[in-house]
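Notes follow the structure.
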Amino acid sequence: MDKKGYISRIREDLKGGRKHSKTTIESIAKSFGIANKNLVKEFTELAIILNAREIAHDSSLTTYEKYLDIVALYQSQVNLSMRTSMSVLMQQYSTPAPISFLASSYILKSGSLSGYKAFKNIVKGGTKGKIVGNAHLTDDKKDFPKYLEPSAGNGLLTIALPYHYTHVNELDDVRLANLKEQPFAKVSSWDALKPPAAYDRTFDGIVTNPPFGSLSQPELFGKFKIKRLEHAMALNALRCMKDNGKAAIIIGGHTTWDEQGRVTAGTNRIFLNYLYHFYNVEDIIPINGKKLYSRQGTSINTRLILIDGAKAIPDGAAPLKDKLHSTVVNTHEELWDRVQLQPSPEILTKINQNIARLRAKAILIKQKQYETNNII
C-alpha cells in the first residue's frame, strides 16, 4: 500500500481542480494498493486537510482570501460518503474545511489573528473587502499559547492553528496514525470523557466536534445531569480551557423553543443552560447541513457554539428565542459574516494608520484636482 503516493496524487488533483466521484477516487486508490473503503475515505480527507492547512498558513493571502480558497477546495472535493459499520457506529463525520477554518481561527489567542469583517467596507469598499495578515501564529514563543482538539479525527478542525502549539487527541487507530504523521505539539489517545487532570484550565483555545450519541449513564456536572455524549465531551473539553480562553464547539441539531420562547425542555435545555450559566457564549450558529456539510458524508444540521471565556461569577441561563439564534446559516458567505473574527490591537492600529494615510492621500488628490480646475 502506497499511502504517501495516494495522498500526493489527491493533493495534486485538488490543486489542479480535477474533480472526482466516489467511483473514480476508489479506482485511483486501488492503483496505489488501497482497497479498504474506510482507508480511502481517511486518506482522502488527510489530503484535503493538508491542502486546506497550506492555504490557511499562506502569508500572502488575507484571512478572507484564505476562506474563499478553502470554500473552493471544499466545493471541489469528492463527497466522503464511504462508510463502514464502525465509522457509522462511532459517528465519524469530520467538520467541513470552511467551518473548520473559521472555528480554529476564532480560538486563536489575541494578537495572533488577522482579518476583521467590521472594517472591510472602510478599507476596500463593498461586501468583500480585505484587511491584512495571516490567520496563524508566528514562531515567537515569548507568549506561548496552547490549543486542544480532544476528538481530533485527522485534524481538520485545527487547520488555522500552528502545529507546534496544538495538542490533539484521538482513539481511532487509523486517524491516530494520520495525526502522528503531522508535527503537532502532542498526539495522545485518552478517553475524551476523562481528560487528564493536568489539562485542567491549561489551554488558551479549545476546538471540538465530538461524536453524537447517547450516554449509557448520565454524567453529572454539578447539578446538571448530562445525557448526550457530545454534550458531555464538550463540557469536559471546556474544563481544559483557561478562564480567559476561547472555544468553538460543534454539536448536532438546531435549537428549538417552546411557546414561551424558552429552549425546549430536555437534554438540549440542560446543556445550554449550563453553558450560559458558566461561560460567555458569544453565539450559537445553526448551520444548514444539506448546504454546508454534505460533502463530509452527512447532511445533518449542526450548531457552531462560540465561547469567549468563563464567567467570573456563574449566573444566568440560556436566553429566550430571538431572531439571531433562530436564523439558520445557509451559505458560506452568511457563515463568514456571522463569525466575526476580531483583530489584535496591533493589527487594529495598523488598519487605522492605513485608513488615515488613504484619507490624507484622497484629500491631497482632491486639492490638486480643485487647483487644476480653477486655473485661469
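Only the coordinates and a few stated rules stand behind these numbers; no lab work does. This one's a predicted model, so the numbers in the text were calculated from it and none came from an experiment. Here the Cβ positions follow ideal geometry from the backbone for every residue, glycine too, while neighbour counts run over all protein chains shown.
Work out the charge dipole of the range 188-236 with +1 on the Cβ of Lys and Arg and -1 on the Cβ of Asp and Glu about the Cα centre, then indicate which of LEU193, VAL207, PHE221 is farthest towards its positive end.
PHE221
Students often get this wrong, so check it: of LYS194/LYS242; LYS146/LYS186; LYS37/LYS290; LYS19/LYS180; LYS109/LYS291, which have C-alpha atoms separated by over 19 Å?
Listed pairs above 19 Å: LYS37/LYS290; LYS19/LYS180; LYS109/LYS291.
With N residues in the range 173-307, what two-decimal value do you get for its Cα radius of gyration over 2.2 N^0.38 Å? Please list the in-between numbers first.
Values: Rg = 15.7 Å, N = 135, 2.2 N^0.38 = 14.2 Å.
Compactness ratio reported: 1.11.
What is the list of residues in the range 239-278 whose amide nitrogen lies under 17 Å from a point 7 angstrom out from the Cα of ALA197, following Cα to Cβ?
Hits in the range 239-278 for ALA197 at 17 Å: 239-240.
Sticking with the crude label model, points 7 Å out along Cα→Cβ, report the distance from ALA72 to ALA360 in nm, one decimal please.
Here the modelled spin labels are 3.6 nm apart.
Which peptide among 149-161, 307-319 comes first, and what is the full order, when sorted by highest mean count of other Cβ atoms within 10 Å?
Highest-to-lowest ranking by the protection proxy: 149-161, 307-319.
Modelling each spin label as a point 7 Å along the Cα-to-Cβ direction, I'd like the GLU54/SER189 distance in nm, to one decimal.
2.9
Hey, could you get me the Stokes-Einstein D for the range 165-212, Kirkwood radius over alpha-carbon pairs, 25 °C and 0.890 mPa s, rounded to whole µm² s⁻¹?
208
Using 0.36 nm times the number of residues separating ARG9 and ALA312, minus their current alpha carbon distance, what extension gain do you get?
Between ARG9 and ALA312, full extension yields an extra 104.0 nm.
Between LYS22 and LEU324, with labels modelled 7 Å along Cα→Cβ, what's the label distance in nm to one decimal, could you check?
4.0
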